[in-house]
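Some notes on the structure that comes next.
We did not get these values from a lab; they are worked out from the coordinates using the rules stated. All of these numbers come straight from a predicted model, not from anything done at the bench. A quick note on method: Cβ atoms are made from the backbone with ideal geometry, for glycine too, and the neighbour counts reach across all protein chains shown.
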Amino acid sequence: MGGQKKLSLKQIERAQARRREADKTDKKKREKKRAPKEKKNVGILPPSVKNKKTVNDIKKMKVLTPYAVSTKFNIRISAAKDFLEQLEQIGAVELVSGNHTIKIYKPISS
């Protein structure tokens, strides 16, 4: 029973002023959030295994994972996996641990 009490004119004016201020700050926040991100194009083809510079860069890394290689050479993770398998076949890296999801390699110093 009873219901909600009617607000006075002064209280209504204050509430409207608060809503206007909140709307202004929301618009400013939305404008800041809309900054477009630059889309980075990643390569599909892995670097060549025969390239001495890339192999030397790989050998300088402590641990080799597909993610680390893909970020370093700006290629896709699937291409990085293939690249690491090729390096393992030629004997530049050695498989340390792995399962069907991820494989961890270490470089072989020669």
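Couple of notes before you dig in:
- Averaged over residues, the count of other Cβ atoms within 10 Å places the peptides 47-55, 12-20 in the sequence 47-55, 12-20, highest first.
- Efficiency of FRET between GLN4 and LYS27 - r from beta-carbon atoms, R0 25 angstrom, step 0.05: 0.25
- Convex hull of Cα atoms in the chain, direction-averaged projection (nm²): 14.8 nm²
- Computed from backbone phi with θ = phi - 60° and the Karplus coefficients 6.51, -1.76 and 1.60, the 3J(HN,Hα) list for the stretch 100-108 is 5, 8, 9, 10, 10, 10, 10, x, 9 Hz; x is used for glycine and proline.
- For the stretch 45-51, backbone phi angles converted through the Karplus equation (6.51, -1.76, 1.60; θ = phi - 60°) give residue-by-residue couplings of 8, x, x, 6, 6, 7, 6 Hz, Gly and Pro being listed as x.
- Translational diffusion of the stretch 30-80, estimated by Stokes-Einstein from the Kirkwood radius over alpha carbon pairs at 37 °C in a medium of 0.692 mPa s, is 258 µm² per second.
- Length gained on full extension, ALA17 to ILE44: 4.2 nm, using 0.36 nm per residue less the C-alpha separation.
- Near the amide H of ILE104, within less than 5 Å, lie the amide hydrogens of VAL96, SER97, GLY98, all on another chain or at least 5 residues away, with H placed in the peptide plane.
- Mean-position separation - Cα centroids, the stretch 69-110 and the stretch 25-64, in angstrom: 18 Å
- Cα→Cβ-extended label distance, 7 Å offset, between ILE104 and LYS59, nm: 2.3 nm
- Kyte-Doolittle at least -1.0, axis length at least 15 Å by Cα - qualifying DSSP helices, the chain: 77-90
- Relative contact order of the chain, pairs being alpha-carbon contacts under 8 Å that are 6 or more residues apart, as %: 22 percent
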